[in-house]
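Written below as structure tokens is the structure these notes are about.
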């Protein structure tokens, strides 16, 4: 076979695999700019403060309107630290930007915006069919035709939470759409810097709730992780993460890559990377 033909076939293969991975994600990143512009410019028409066990940061559900279009957004201004464990609105924006930097597209568009003259994060309201808690409590099975994609989305969720050091993923902040794609919200308790979050990953076979490995991940995703540097992360997150938080993120990145190397040796490359 002519070498040019081989090159063309390889190039198309990469494009097809990349397109397939992008199509598998929960959110269309092409709409980010429009979503961010809407969140920044829309007028606040109403507000409801959320309370209760599933809204411990007491965020606001805002009703927005721009050019006759009404939408909801989630706004929070939490910024505190208890026992050295920060809970900050700034991390919501950082999580969104990291999500897009690595091509994940599972976190809704999130920007900084003032509400009542207070700085905070404003996130596009994520419509969903149910939370993971509802799925588990009602024992709702994943329809057979969606099981394959559901499993791969779950592994991506684990990889993302491993990367950002998110210790607060639970059944109420993992949302499930009608097509069984996963949406991830609530990241104000992420980006930990302690040794517990830089010496080991949260999601592995040793997870406290039982084995929760990153069984298989997209090759393109892993390559994105490899390309992260302190400079590229800083350029993406701006003022929302400090140097220690960025350094901790890169340490976790190295742990993820080491874990994927281990899984490749254990299960084979074809069963680990796609």
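The values are calculated or read from the model by the stated rules, or taken from the named source; none is laboratory data. Here the structure is a predicted model, which is why all the values come from computation and not from measurement. For neighbour counting, all protein chains shown are included, and Cβ atoms are generated from backbone atoms with ideal geometry for every residue, glycine included.
For segment 126-232, which helices (runs of 4 or more DSSP H) that fit wholly inside it have 3 or more residues that are under 13 Å from the mean Cα position of the chain (by Cα) and surrounded by 20 or more Cβ atoms within 10 Å (Cβ to Cβ)? Spell out how you get there, then give the answer.
Numbers: elements: 132-137, 147-164, 219-226.
Here the list reads 147-164.
Which one is surrounded by the fewest Cβ atoms within 10 Å (Cβ to Cβ), of the residues in segment 63-78 that are assigned to a loop (DSSP other than H, G, I, E, B) and in contact (Cβ under 8 Å) with a residue 24 or more places away in the chain?
Per the criteria, the residue is 77.
Quick check on segment 12-62: of everything there that is under 18 Å from the mean Cα position of the chain (by Cα), assigned to a loop (DSSP other than H, G, I, E, B) and surrounded by 13 or more Cβ atoms within 10 Å (Cβ to Cβ), which residue is modelled with the highest pLDDT? Give the derivation first.
The first filter runs over segment 12-62 and keeps only residues under 18 Å from the mean Cα position of the chain (by Cα), leaving 21-33, 35-36.
After this cut, where a residue has to be assigned to a loop (DSSP other than H, G, I, E, B) as well, the list is 24-28.
Those still in the list that are surrounded by 13 or more Cβ atoms within 10 Å (Cβ to Cβ) too: 24-27.
Numbers: 24: 59, 25: 71, 26: 83, 27: 88.
If we take residues in segment 12-62 being under 18 Å from the mean Cα position of the chain (by Cα), assigned to a loop (DSSP other than H, G, I, E, B) and surrounded by 13 or more Cβ atoms within 10 Å (Cβ to Cβ), then 27 is modelled with the highest pLDDT.
Tell me, please, whether a residue that is in a loop (DSSP other than H, G, I, E, B) and over 17 Å from residue 187 (Cα atoms) can be found in segment 81-94.
yes
Return the pairs, sorted by first residue and then second, in which the second residue is surrounded by 12 or more Cβ atoms within 10 Å (Cβ to Cβ) and not in a strand (DSSP E or B), the first residue lies in segment 79-97 and is free of Cβ contacts under 8 Å to residues at least 24 places away in the same chain, the beta carbons are less than 7 Å apart, and the residues are 6+ apart or on different chains.
What qualifies is 79/89.
Among the candidates 246, 256, single out the residue that is modelled with pLDDT of 95 or more, over 23 Å from residue 109 (Cα atoms) and in contact with a helix residue (DSSP H, G or I) (Cβ under 7 Å, 6 or more places away or on another chain). Steps first, please.
Details: 246 fails: over 23 Å from residue 109 (Cα atoms).
Answer to the check: 256.
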